[in-house]
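Below you'll find the structure, written out as C-alpha coordinates, and then a few comments.
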Amino acid sequence: MSALDFSYARPGGAALTAAGVTSVGRYVGTDGRCITLPELNDYLNNGVSVWLVKENSSRGMLNGYGQGASDARDAQGQLDALGQSNAVVYFTADFDIQRFQFAAGDQYLLGVASVIPVSRIGLYAGIDYLNHTAALV
(Lines give C-alpha, C1' and ligand atoms only; values in the text may rest on other atoms or scores of the structure.)
Protein backbone atom coordinates (compact mmCIF):
# COMPACT_ATOMS: atom_id res chain seq x y z
CA MET A 1 0.00 0.00 0.00
CA SER A 2 1.21 3.47 -0.89
CA ALA A 3 -0.41 6.49 0.71
CA LEU A 4 -0.17 10.22 0.08
CA ASP A 5 -1.26 13.23 2.12
CA PHE A 6 -1.62 16.45 0.14
CA SER A 7 -3.51 19.71 0.13
CA TYR A 8 -3.52 21.85 -3.03
CA ALA A 9 -2.35 19.25 -5.54
CA ARG A 10 -5.09 17.56 -7.51
CA PRO A 11 -3.71 14.39 -9.10
CA GLY A 12 -6.50 12.35 -10.64
CA GLY A 13 -7.51 8.93 -9.42
CA ALA A 14 -6.28 7.19 -12.58
CA ALA A 15 -2.85 8.81 -12.28
CA LEU A 16 -2.60 7.84 -8.62
CA THR A 17 -3.59 4.26 -9.35
CA ALA A 18 -1.05 4.07 -12.19
CA ALA A 19 1.62 5.30 -9.75
CA GLY A 20 0.70 2.57 -7.25
CA VAL A 21 -1.03 4.88 -4.76
CA THR A 22 -3.86 3.12 -2.95
CA SER A 23 -4.81 5.69 -0.30
CA VAL A 24 -4.87 9.48 0.05
CA GLY A 25 -5.34 11.83 2.97
CA ARG A 26 -7.40 14.90 2.07
CA TYR A 27 -8.68 17.89 4.00
CA VAL A 28 -12.33 18.65 4.70
CA GLY A 29 -13.43 22.25 4.84
CA THR A 30 -14.23 25.10 2.53
CA ASP A 31 -10.84 26.50 1.51
CA GLY A 32 -8.92 25.71 -1.68
CA ARG A 33 -7.00 22.76 -0.25
CA CYS A 34 -10.11 20.75 0.63
CA ILE A 35 -11.56 17.77 -1.17
CA THR A 36 -14.59 18.20 -3.39
CA LEU A 37 -17.30 15.64 -4.08
CA PRO A 38 -16.17 15.08 -7.71
CA GLU A 39 -12.58 14.58 -6.51
CA LEU A 40 -13.71 12.10 -3.85
CA ASN A 41 -15.76 10.17 -6.38
CA ASP A 42 -12.83 10.11 -8.81
CA TYR A 43 -10.56 8.57 -6.20
CA LEU A 44 -13.11 6.01 -5.07
CA ASN A 45 -14.02 5.07 -8.65
CA ASN A 46 -10.33 4.42 -9.31
CA GLY A 47 -9.87 2.23 -6.23
CA VAL A 48 -8.08 4.86 -4.14
CA SER A 49 -9.31 4.97 -0.56
CA VAL A 50 -9.56 8.35 1.16
CA TRP A 51 -8.95 9.33 4.77
CA LEU A 52 -10.18 12.76 5.82
CA VAL A 53 -8.41 15.43 7.87
CA LYS A 54 -9.81 18.55 9.57
CA GLU A 55 -7.36 21.39 10.21
CA ASN A 56 -8.22 25.08 10.32
CA SER A 57 -4.74 26.05 11.45
CA SER A 58 -1.73 24.05 12.56
CA ARG A 59 -2.06 25.30 16.16
CA GLY A 60 -5.87 25.45 16.36
CA MET A 61 -5.86 22.62 18.88
CA LEU A 62 -4.37 25.00 21.45
CA ASN A 63 -7.64 26.98 21.47
CA GLY A 64 -9.34 24.32 23.58
CA TYR A 65 -12.85 22.95 23.93
CA GLY A 66 -14.83 25.58 22.01
CA GLN A 67 -12.51 25.36 19.02
CA GLY A 68 -12.73 21.58 19.06
CA ALA A 69 -16.54 21.64 19.07
CA SER A 70 -16.59 24.26 16.31
CA ASP A 71 -14.10 22.33 14.16
CA ALA A 72 -16.09 19.13 14.69
CA ARG A 73 -19.35 20.80 13.61
CA ASP A 74 -17.61 22.14 10.51
CA ALA A 75 -16.08 18.73 9.77
CA GLN A 76 -19.39 16.93 10.20
CA GLY A 77 -21.08 19.36 7.82
CA GLN A 78 -18.42 18.67 5.22
CA LEU A 79 -18.65 14.92 5.75
CA ASP A 80 -22.41 15.15 5.25
CA ALA A 81 -21.92 17.17 2.04
CA LEU A 82 -19.50 14.51 0.76
CA GLY A 83 -21.92 11.69 1.53
CA GLN A 84 -19.49 10.41 4.17
CA SER A 85 -21.52 11.20 7.30
CA ASN A 86 -20.15 8.25 9.29
CA ALA A 87 -16.51 8.53 8.20
CA VAL A 88 -13.60 8.83 10.59
CA VAL A 89 -12.04 12.29 10.51
CA TYR A 90 -8.54 13.08 11.73
CA PHE A 91 -8.03 16.27 13.76
CA THR A 92 -4.55 17.73 13.89
CA ALA A 93 -1.81 18.99 16.12
CA ASP A 94 0.30 19.70 13.06
CA PHE A 95 3.22 21.03 15.08
CA ASP A 96 5.44 19.68 17.82
CA ILE A 97 2.92 19.99 20.65
CA GLN A 98 4.75 20.17 23.97
CA ARG A 99 3.77 18.54 27.25
CA PHE A 100 2.76 21.88 28.77
CA GLN A 101 0.27 22.24 25.87
CA PHE A 102 -1.30 18.80 26.26
CA ALA A 103 -4.10 20.10 28.53
CA ALA A 104 -5.28 22.52 25.82
CA GLY A 105 -5.11 19.72 23.26
CA ASP A 106 -7.08 17.44 25.56
CA GLN A 107 -9.78 20.09 25.93
CA TYR A 108 -9.88 20.51 22.15
CA LEU A 109 -10.43 16.76 21.71
CA LEU A 110 -13.17 16.79 24.36
CA GLY A 111 -14.84 19.52 22.32
CA VAL A 112 -14.54 17.39 19.20
CA ALA A 113 -16.01 14.42 21.09
CA SER A 114 -18.99 16.53 22.14
CA VAL A 115 -20.04 16.54 18.47
CA ILE A 116 -18.51 13.43 16.84
CA PRO A 117 -18.43 10.00 18.50
CA VAL A 118 -15.00 8.97 19.75
CA SER A 119 -15.11 5.93 17.45
CA ARG A 120 -14.96 8.32 14.46
CA ILE A 121 -12.21 10.62 15.72
CA GLY A 122 -8.65 10.21 14.51
CA LEU A 123 -5.63 12.23 15.60
CA TYR A 124 -2.70 13.45 13.51
CA ALA A 125 0.06 14.47 15.92
CA GLY A 126 3.54 13.70 17.16
CA ILE A 127 4.28 10.46 18.95
CA ASP A 128 4.41 11.97 22.47
CA TYR A 129 0.93 13.42 22.16
CA LEU A 130 -0.41 10.28 20.48
CA ASN A 131 0.90 8.20 23.37
CA HIS A 132 -0.58 10.66 25.87
CA THR A 133 -4.04 10.56 24.27
CA ALA A 134 -3.94 6.76 23.91
CA ALA A 135 -3.44 6.55 27.66
CA LEU A 136 -6.51 8.77 28.18
CA VAL A 137 -8.80 6.72 25.97
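The values are calculated or read from the model by the stated rules, or taken from the named source; none is laboratory data. Computed from a predicted model, the values in this text were never measured in an experiment. Here Cβ is always computed from backbone atoms with ideal geometry, including for glycine, and neighbour counts include all displayed protein chains. For accessibility, only protein heavy atoms count, side chains too; no ligands or nucleic acids. Shrake-Rupley method; radii C 1.70, N 1.55, O 1.52, S 1.80 Å.
Overview of results
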item	result
Residue under evaluation Val21, criteria (1) among the β-branched types (Val, Ile, Thr); (2) assigned to a strand (DSSP E or B); (3) in contact with a Leu (Cβ under 9 Å, 6 or more places away or on another chain), criterion not met	(2)
Yes/no for Gly32 being outside any strand (DSSP E or B) and over 19 Å from Ser7 (Cα atoms)	no
Complete set of residues in segment 79-93 that are at pLDDT 95 or above and in contact with a Ser or Thr (Cβ under 9 Å, 6 or more places away or on another chain)	Leu79, Leu82, Val88
Test for Asp42: is it charged (D, E, K, R) and in contact with a helix residue (DSSP H, G or I) (Cβ under 6 Å, 6 or more places away or on another chain)	yes
Flag if Val50 is modelled with pLDDT of 95 or more and in a strand (DSSP E or B)	yes
Per-region count, segment 45-57, residues open to solvent by 20 Å² or more (accessible area, probe 1.4 Å), under 30 Å from Phe100 (Cβ atoms) and touching a helix residue (DSSP H, G or I) at 6+ places or on another chain (Cβ under 7 Å)	1
Single match in Tyr129, Tyr124, Tyr65 (criterion: within 19 Å of Tyr27 (Cβ to Cβ) and not hydrophobic (A, V, I, L, M, F, W, C))	Tyr124
Residue in segment 20-40 that is open to solvent by less than 60 Å² (accessible area, probe 1.4 Å) and touching a Gly at 6+ places or on another chain (Cβ under 6 Å) present	no
